[in-house]
Every structure is written in structure tokens, then in C-alpha cells.
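Have a look at the structure below before the remarks.
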Amino acid sequence: MAAENAQSKQARIIDRIKSFILTCPDFPKPGIPFKDIMPIVQNPDVFSDTIALLEEHIKETGVKVDVVAGLEARGFLFGPPLALRLECAFVPIRKAEKLPGETVKCSYALEYGQDTIEIQKTAVKPDQNVVIVDDLIATGGTMAGACTLMETVQANVVGCLTVVELDYLKGRENLKHALHSLVHY
């Protein structure tokens, strides 16, 4: 009964989070229904609930997380508060040439081309447990690239988190690590 009530409460919170996500048709190009998560972060209660659900999922796995890595740019919104709640470090994964000092880079394929992401060389140490967070997963290219980047520095990717998953684009299929998303379209 208690587990059922907890699941029911979680479903209500997820429905509330979803109600704050706007769909912007034809952005940034015709035919693309952009999912705008900014209303979530503009509402302190909804934002707090979103971070709490991401934290709850990590704690349910029982894995100790050493680093939350956030993908540029909207992963930077959800990563730092999650890292604070998990009492671990936050590391930004940036687009190429955005970080000072020595970096580790990873190039990956996109639907129409290629992109490169990087972290500072000393940001993540070998054998640290890393959770990668972003606002949304579509085709999965960027998240898969982030996982490869973490593997390059010999970190353990213990999970991937997103607020939104566009199920119809099957991005989950491009990952070899567990993905947990709160809202599905």
C-alpha cells in the first residue's frame, strides 16, 4: 500500500512537471516541435520536485555517485543542484574550445554532421562513478558522446538522466548505459 501511494505521488509530480513543458512548433526549424523546459526552472516548486525525482532515482540504484556531469547547456541547470543533493562534484561537459587549460575531447556523429565535446583533463579521475544529466534526449548522439568521453578518462558511467525523452526518436537505443527519464513524449 505504501509503495503504491509513493508511485501514485510520483506519477502526480511527473504529470505536474510535464504540464510545465511547452511545445514550440517549428523551432528551430520547420517541422521540429521543440520542448521548452524553461518554465520548470522558473517555478521553484516544480524545479525542486524535478531535482528531487532525479535524486530519488539515483538513491534507489544504491550506487555512490562521485560526479554529476552536465551537458551544455541545459544540463547545467539540472546538474549542479543534483550534485549538491548527492553531495558530490559537478563537472560541465562543454562544446569544443570553451574550457581553459588542458582538455579531453570526444567527437561524435550527429544526424547531419559531427560535433565535439570536452571536459577539463583533471575534472574526472579514473574509476570515479559518474552520472550524466541533460534536459532532453532525442536521437541520443550527444548523450552517447558524453558517455564515450567519460570512458576515455576511465570513469564509470553509472547512469544517464534526462528530464524529457522523445521516445519516438529512439535515442535510448544509441546508449549502452542505463537511461532514466522523467517525462516521455
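Can you find a residue in region 135-149 that is out of contact with any Gly (no Cβ under 9 Å at 6 or more places or on another chain) and over 20 Å from LEU175 (Cα atoms)? No, every residue in region 135-149 fails to be out of contact with any Gly (no Cβ under 9 Å at 6 or more places or on another chain) and over 20 Å from LEU175 (Cα atoms). Name the residue, out of ILE58, ILE117, ILE32, that is of a type in the set (Val, Ile, Thr), free of Cβ contacts under 8 Å to residues at least 60 places away in the same chain and within 28 Å of ASN156 (Cα to Cα). Answer to the selection: ILE117. Under the condition of being free of Cβ contacts under 8 Å to residues at least 60 places away in the same chain and over 20 Å from VAL130 (Cβ atoms), which residue from region 144-185 is farthest from the chain's Cα centre (by Cα)? Filtering first and then ranking leaves TYR168. Elements of the type strands (runs of 3 or more DSSP E) sitting completely within region 1-118 and holding at least 3 residues that are farther than 16 Å from HIS180 by Cα: these cover 22-24, 34-36, 89-95, 103-110. Looking only at residues of region 115-133 that are in contact with a helix residue (DSSP H, G or I) (Cβ under 8 Å, 6 or more places away or on another chain) and of a type in the set (Asp, Glu), we find that the one that is surrounded by the fewest Cβ atoms within 10 Å (Cβ to Cβ) is ASP115.
Mind listing just one residue for me: the one in region 145-176 that is part of a helix (DSSP H, G or I), over 15 Å from ALA109 (Cα atoms) and of a type in the set (A, V, I, L, M, F, W, C) and, of those, modelled with the highest pLDDT? Out of the qualifying residues, it is MET150.
The values are calculated or read from the model by the stated rules, or taken from the named source; none is laboratory data. Predicted, not measured: the structure shown is a model, and the values here were computed from it. Neighbour counts are summed over all protein chains in view; Cβ atoms, including those assigned to glycine, are modelled from backbone coordinates with ideal geometry.
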